[in-house]
Amino acid sequence: LRPATPAAVDEAAACLRAGGVVAFPTETVYGLGALADCEAAVRRVFAIKGRPADHPLIVHLADADWMDRWARHVPDAAKALARAFWPGPLTLVLERQPHVLDAVTGGQDSVALRVPDHPVARDLIRAAGALVAPSANRFGRVSPTTAQHVLADLGADVDLILDGGPCRHGVESTIVGLLDDPPTLLRPGAIAADRLEAILGRPLARRDAGVRVSGSLPAHYAPATPLELLPAETLWQRLVMLARQGLRPAVLALQTPPAMPPQTQLTILPAEPERYAHALYATLRALDASGCDRILVEAPPATTAWEAVRDRLQRAAYATAAGARGSAGT
Ligand code: TXA
Ligand code: MG
């Protein structure tokens, strides 16, 4: 783990050019970087994460000018979105250039591209070249929002971890597919869908079941502790019930509850979606580490602004339900 000084970034770039794997900060979550042109390094990323080989990776670019080298055709809608939101937490899925490795695209005809808005990420990419960078966590688990999270998850398996402090957004990029018209929201993320729709001047289509987005596996982004997502009214009843069974539930709420059984571990997160997202993954990790045996989460409002947070919480809760039914989740 190294503070991301200019010297450390240079060293990391040299390591990447030699086929190494480096974890680095972005404005969303920490990424596990490898040169997108280096098949052996890309394969190592899959091995370190324990990620199935047919799950494609995002190629991170230093500048929108790099798009043409990776995408064969950039439709006007993609240009408009890139102009409005790059650098930033938006990923565009486009027709790939023929040279793009199958290891990167999962063998699909498309490639996912994004220009991250983090000075360390951009300096690193400028010095090393385009990087694949899945979130730097084991497959199916909570994404890392600090270098310490990466160290705890992947520690000895990566060549270098650049520490650029906590990530500004704390939730992954929004992914938009531009292979069909209208553009499709493939993963809700740090940029709310209505902001993209304002630029496009029309609504996004919703997820296409035919495209493989690993974030679209139901059980993804899960803490190790079972998690239940409940409306405030039923949450307090459930809490009392679990406490009566002798369990130690933790509660993640938007407001202080009227009354709680003793020994309940209560975390109040901000009732504002961007600030909530910023704290969510770190909070789930802290609750995992706290030894509670159930996490009860108050369901956030059903509005567009909360879509990314709701999506991640639903997946985490799904993993619990799948576990309860006896299937493995991820
Ligand atoms: O914010 C982010 O996007 C972070 C940071 C590190 O940049 N990265 C990230 O990567 O979340 P990862 O690998 O955890 O998620 C990448 C998502 C997956 O859901 C993957 O299936 C999807 O992008 N994806 C990649 N290429 C695709 C393609 N050609 N078509 C559809 N989905 C694609
Ligand atoms: Mg991920």
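Bear in mind that the values in this text are calculations on the coordinates, not laboratory data. Everything quoted here is computed from the prediction, not taken from an experiment. Every residue, glycine as well, gets a Cβ built from its backbone with ideal geometry; the counts of neighbours run over all protein chains shown.
General observations
- Percent antiparallel among DSSP beta bridges (both partners in the chain, rounded to 5): 40
- Assuming charge only on the beta carbon of Lys and Arg (+1) and of Asp and Glu (-1), the dipole of the chain about its Cα centre is about 680 debye to the nearest 20.
- 5 angstrom amide H check on residue 88, placed H, neighbours 5+ away: 115, 117
- Dipole of the chain computed with +1 at Lys/Arg Cβ and -1 at Asp/Glu Cβ about the Cα centre; of 304, 250, 30, farthest Cα towards the positive end is 250.
- Projected label distance in nm at residue 68 and residue 290, using a 7 Å step from Cα toward the beta-carbon: 5.3
- Mean Cβ neighbour count within 10 Å, used as a protection proxy, ranking 197-206, 306-315 highest first: 306-315, 197-206
- P(r) of segment 1-67 over all Cα-Cα pairs, binned every 10 Å from zero, in whole percent: 18, 51, 29, 2
- Sorted by Cβ density within 10 Å, fewest first, the residues 67, 241, 260: 241, 260, 67
- Gaussian network model of the chain, Cα within-10 Å springs - most flexible of 227, 269, 131: 269
- ³J(HN,Hα), Karplus 6.51/-1.76/1.60, whole Hz, each residue of segment 289-296, x for Gly, Pro: 6, 7, x, 6, 10, 7, 10, 9
- Whole-Hz Karplus values for segment 270-277 come out as x, 7, 9, x, 6, 6, 4, 4 Hz, taken residue by residue from phi with 6.51 cos²θ - 1.76 cosθ + 1.60 and θ = phi - 60°; glycine and proline positions read x.
- If the chain linking residue 256 and residue 43 were pulled fully straight, counting 0.36 nm for each residue of separation and taking away their Cα-Cα distance, it would gain 72.0 nm.
- Spherically averaged projected area of segment 127-216 from its Cα convex hull (nm²): 7.6
- Here the spin labels are modelled as points 7 Å beyond Cα on the Cα-Cβ line, and at residue 238 and residue 83 they lie 4.6 nm apart.
- Distant-in-sequence amide contacts of residue 251, defined by a placed amide H-H separation under 5 Å and a gap of 5 or more residues or a different chain, comprise 265, 266, 267, 296.
- Neighbour-count ranking [beta-carbon atoms within 10 angstrom, fewest first] of 167, 292: 292, 167
- When peptides 138-145, 38-45 are sorted by average Cβ neighbour count within 10 Å, with the highest value leading, the order is 138-145, 38-45.
- Phi-based couplings in Hz for segment 302-313 (Karplus 6.51, -1.76, 1.60; Gly and Pro marked x): 8, 10, 4, 4, 9, 4, 5, 5, 4, 4, 5, 5
- Taking only the Cα atoms of segment 250-289, the radius of gyration and Dmax are 10.8, 31 Å.
- Tail weight of P(r) past 38 Å, computed on alpha-carbon pairs of the chain, percent: 15
- Taking a ≥ b ≥ c as the square roots of the eigenvalues of the Cα gyration tensor, an a/c ratio of 1.5 or more together with a/b no larger than b/c marks segment 15-128 as oblate.
- A crude spin-label estimate for the pair residue 54 and residue 265, with each label 7 Å from Cα along the Cβ direction, gives 3.8 nm.
- Computed Kirkwood radius, in angstrom, where 1/r is averaged over Cα pairs of segment 65-149: 14.2
- Taking 0.36 nm per residue of separation and subtracting the Cα-Cα distance, full extension of the segment from residue 181 to residue 95 would add 29.6 nm.
- Sorted by Cβ neighbour density within 10 Å, fewest at the top, the residues 135, 110: 110, 135
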